[in-house]
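The values are calculated or read from the model by the stated rules, or taken from the named source; none is laboratory data. It should be emphasised that the depicted structure is a prediction, and the values quoted were computed from it without experimental measurement. Quick reminder, even Gly has a Cβ in these numbers, built from the backbone with ideal geometry, and neighbours come from all protein chains shown. Keep in mind that these areas ignore ligands, DNA and RNA; they rest on the heavy atoms of the full protein, side chains included. Shrake-Rupley method; radii C 1.70, N 1.55, O 1.52, S 1.80 Å.
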Amino acid sequence: MRPWIAALAFCTPLPAIAACDVVPDPVISLSFDSRYAADDPSRSEIDIEAETAAKEALADLDDFITYLTTRTDAAVGAGDRDAANCVMAALATWARADALSDLGSQTAQLTIGSRLAALALVAAQVAPAAPVGDTSVVSAWLGRRMDSQMTFWETASDGAASGNLRAWAALAGAATSLLTQDPVTLGWAGWSLGYVACTASQDGSLPQEMQRKQLALHYQVHAVTPMVVAAALLEQQGVPVMNRCGRALDRIVDFTLKDLAAGGVASAAYAGAPQTLDAGVEGLKDFQLAWAESWLSLRANPELEALVAPRRPLRYSKLGGNQTRLWNAR
């Protein structure tokens, strides 16, 4: 498996893809409530008004992440140092404003991990081309955000502590460690990934996600995504995770792929409801399979390779963009 960040190279500047854009205003504060009905312990019944409010609260941040990943894919794909510098400069603007430093609700704390993961993965891609000053500012900022996340998760009493949201926080830690080289963050990411993976049943189903009624398989897939990418990044940084808890990650991925192929029969049996992903892999959007590229860097899987080959390149903004390029898929 090739070193992820070391393989990202920039040539002598080509003609810039674009001049640096005006950076969107940094988002300092986030506060919104859960999108699920308050009286539904399974967290499978959407409260439409709460969902709309959550999307509106996250819109500027998510738009910024899409902006960054689109430009990062173009810059790194072309080896364009100038365009990469613009990406890091945009991140540095948010870093100097101490963006995302005021998370005013538990839901915001629970869900920020996937966004921090995206920001760190973008920064790691453009860091080889960027000025040291901007990179240092961004690294320090993301380090502070991860310090807050680690404190939150180690004191949280919410039932999500062993589910997909913790897995996304683990990915954020593994990605941030690429920049900060902080052993505490790296170790916490490995421990958190193991904490989630080791909950897996013998068949590879994740008990917390199997409680989500018709969304059980959906959330199994949503958990697999950060778990697999975090595992690949951790292994590359010298933190072995693949053999933990009887090779739990292998079982988790195996269950996910088999149940997708079977139309969610196993998940439905656990959850007591037909699954929204009953159309199998064909019903998935490409971004829902983007994790496959990092998994294929860890494990040979001809069946999975055949499934994703026609869909390449696979992109997901929360994973930093083009996964096919990042993981050097063949």
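Worth pointing out:
- The angle between the Cα long axis of helix 164-180 and the main principal axis of the chain comes to about 20°, on a 0 to 90 degree scale.
- A simple count of charges around Gly321, restricted to other residues whose Cβ falls under 10 Å of its Cβ and scoring Lys, Arg +1 and Asp, Glu -1, yields +3.
- Taking every alpha-carbon pair under 8 Å whose residues sit at least 6 apart, the chain reaches a relative contact order of 17 percent.
- The gain in end-to-end length when the Arg312 to Asp21 segment is fully stretched comes to 101.9 nm, 0.36 nm per residue minus the alpha carbon separation.
- Within-13-Å neighbourhood charge of Ala172 [Cβ basis; K, R +1; D, E -1]: +3
- Gain on full extension, evaluated as 0.36 nm per residue between Asp39 and Cys245 minus their Cα-Cα distance, stands at 70.7 nm.
- Taking each residue as 0.36 nm, the span from Val265 to Glu303 lengthens on full extension beyond its C-alpha to C-alpha distance by 11.7 nm.
- Considering the chain, its Cα convex hull presents a mean projected area of 15.7 nm².
- Computed over neighbours whose Cβ is under 12 Å from that of Val221, the net charge equals 0, Lys and Arg +1, Asp and Glu -1.
- Each of His222, Ala97, Ala175 was scored by the projection of its Cα onto the charge dipole of the chain, and the greatest displacement toward the positive side belongs to Ala175; charges sit on the C-beta of Lys, Arg, Asp and Glu.
- Cross-link check: pairs Lys285/Lys318; Lys258/Lys285; Lys55/Lys258; Lys55/Lys318 evaluated at a Cα-Cα cut-off of 21 Å; pairs beyond the cut-off: Lys55/Lys258.
- Accessible surface of the chain, 1.4 Å probe, proportion on carbon and sulfur as whole %: 55
- Separation of the Asp203 and Lys258 label points, Cα + 7 Å toward Cβ, nm: 0.8
- The chain, helix-only ellipticity at 222 nm - DSSP H runs n ≥ 4, -39,500 (n - 2.57), divided by all residues, nearest 500: -19000 deg cm²/dmol
- Remark: relative contact order (the range 129-228) = 29 percent; criterion is Cα-Cα distance under 8 angstrom and separation of 6 or more residues.
- Net charge dipole, the chain: roughly 1000 debye, given to the nearest 20, about the Cα centre with Cβ charges of +1 for Lys and Arg and -1 for Asp and Glu.
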